[in-house]
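Asker: Here it is: the structure, laid out below.
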Amino acid sequence: MKISVIIPTLNEEACLPSVLSALGGDEFVAEVIICDGGSVDATLALARDAGAQVIETDLGRGQQLCAGAAKASGDVLWFLHADTVPGAGAPKAILHSLEQSPRSPGGNFRVEFEGDSEFSEWLTGFYAWLRSIGVYYGDSAVFVRRKAYEKMGGLLATALMEDYEFTRRLERAGPTLNIDHPAV
């Protein structure tokens, strides 16, 4: 199995290099697809220089993610935000988890917020609690088997809350996975 990483962007020149660097050369990643909603900074140049495919779309994260999924060739679609850096070995962890759980349509990662402030620690704990009750968002690097994605009818091309709506359907599609290590 191979993974297609789909990253929606809009003026992400500050964040994107860290994400692309974390994914660079990973043997389990078939492709990185940047779905850009009209950046006016160096986002597109950085993406192309890193060897990512670039799709220019209209603005709206749902629409951007749909465009990326339509172009993806991998067996697994991994929706990653441009400011979410995956830990080392994250693609391998996705494939291993899916192989161990053949009934699972997909899942997400534990989120750790940067910084050593009390607020960062609280937010990390709050996200963990939300996931424990089955609530998660695109921030947690959602992944899905392509066949499950297609059976579910894909993402909705909405401008807001496309991730929450999709994860509600993902939860109904079968037992989802939550990868604790590595975190994003």
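Asker: Here is a check on your reading of the model: is Ala93 at pLDDT 95 or above and either of a type in the set (Lys, Arg) or closer than 17 Å to Gly38 by Cα (or both)? Outline the logic, then answer.
Answerer: Numbers: at pLDDT 95 or above: yes; either of a type in the set (Lys, Arg) or closer than 17 Å to Gly38 by Cα (or both): no.
The answer is no for Ala93.
Asker: Looking at (1) open to solvent by less than 20 Å² (accessible area, probe 1.4 Å); (2) closer than 24 Å to Glu114 by Cα; (3) over 15 Å from the mean Cα position of the chain (by Cα), which is the only condition Asp26 fails?
Answerer: Going through (1) open to solvent by less than 20 Å² (accessible area, probe 1.4 Å); (2) closer than 24 Å to Glu114 by Cα; (3) over 15 Å from the mean Cα position of the chain (by Cα) one by one, Asp26 breaks only (1).
Asker: Quick check on the range 1-16. Is at least one of its residues open to solvent by 10 Å² or more (accessible area, probe 1.4 Å), closer than 19 Å to Lys92 by Cβ and modelled with pLDDT under 95? Before the answer, list the steps.
Answerer: Applying the first criterion (open to solvent by 10 Å² or more (accessible area, probe 1.4 Å)) to the range 1-16 yields 1-2, 8, 10-15.
After this cut, where a residue has to be closer than 19 Å to Lys92 by Cβ as well, the list is 1-2.
From what's left, modelled with pLDDT under 95: 1.
Within the range 1-16, one or more residues are open to solvent by 10 Å² or more (accessible area, probe 1.4 Å), closer than 19 Å to Lys92 by Cβ and modelled with pLDDT under 95.
Asker: Could you check the range 84-113 and list, in sequence order, the residues that are open to solvent by less than 70 Å² (accessible area, probe 1.4 Å) and among the polar types (S, T, N, Q)?
Answerer: Once the filter is applied, which keeps residues that are open to solvent by less than 70 Å² (accessible area, probe 1.4 Å) and among the polar types (S, T, N, Q), the range 84-113 yields Thr84, Ser97, Ser101, Ser104, Asn108.
Asker: A follow-up question, please. Which condition breaks for Ser73 when tested against (1) open to solvent by 30 Å² or more (accessible area, probe 1.4 Å); (2) among the polar types (S, T, N, Q); (3) part of a helix (DSSP H, G or I)?
Answerer: (3)
Asker: Restricting the first residue to the range 125-145 and requiring it to be free of Cβ contacts under 8 Å to residues at least 60 places away in the same chain, which pairs with a second residue that is assigned to a strand (DSSP E or B) and not polar (S, T, N, Q) meet a Cβ separation below 8 Å and a spacing of at least six or different chains?
Answerer: If the second residue must be assigned to a strand (DSSP E or B) and not polar (S, T, N, Q), the pairs left are Ser140/Phe109.
Asker: Here's a follow-up. Looking at (1) within 15 Å of the chain's Cα centre (by Cα); (2) assigned to a loop (DSSP other than H, G, I, E, B); (3) more than 12 Å from Leu23 (Cβ to Cβ); (4) not polar (S, T, N, Q), which is the only condition Cys66 fails?
Answerer: Here Cys66 clears every test but (2).
Asker: If we keep just the residues of the range 32-56 that are part of a strand (DSSP E or B), open to solvent by less than 50 Å² (accessible area, probe 1.4 Å) and in contact with a Lys or Arg (Cβ under 8 Å, 6 or more places away or on another chain), which is nearest to Arg145 (Cα to Cα)?
Answerer: Among them, the one singled out is Ile33.
Asker: Oh, and also: Search the range 160-177 for residues that are touching a residue at least 12 places away in the same chain (Cβ under 8 Å) and pair each with any residue that is in a helix (DSSP H, G or I) and small (Gly, Ala, Ser) when their beta-carbon atoms are under 7 Å apart and the residues are at least 6 apart or on different chains.
Answerer: Here the result reads Glu162/Gly62; Asp163/Gly138; Ala173/Ala148; Leu177/Ser97, each pair linking the range 160-177 to a residue that is in a helix (DSSP H, G or I) and small (Gly, Ala, Ser).
The values are calculated or read from the model by the stated rules, or taken from the named source; none is laboratory data. Computed from a predicted structure; not experimentally measured. Positions of Cβ are generated from backbone atoms using ideal geometry, with glycine treated the same way; all protein chains shown enter the neighbour counts. When the accessible area is computed, the model is the full protein with side chains, heavy atoms only, and any ligands, DNA or RNA have been set aside. Shrake-Rupley method; radii C 1.70, N 1.55, O 1.52, S 1.80 Å.
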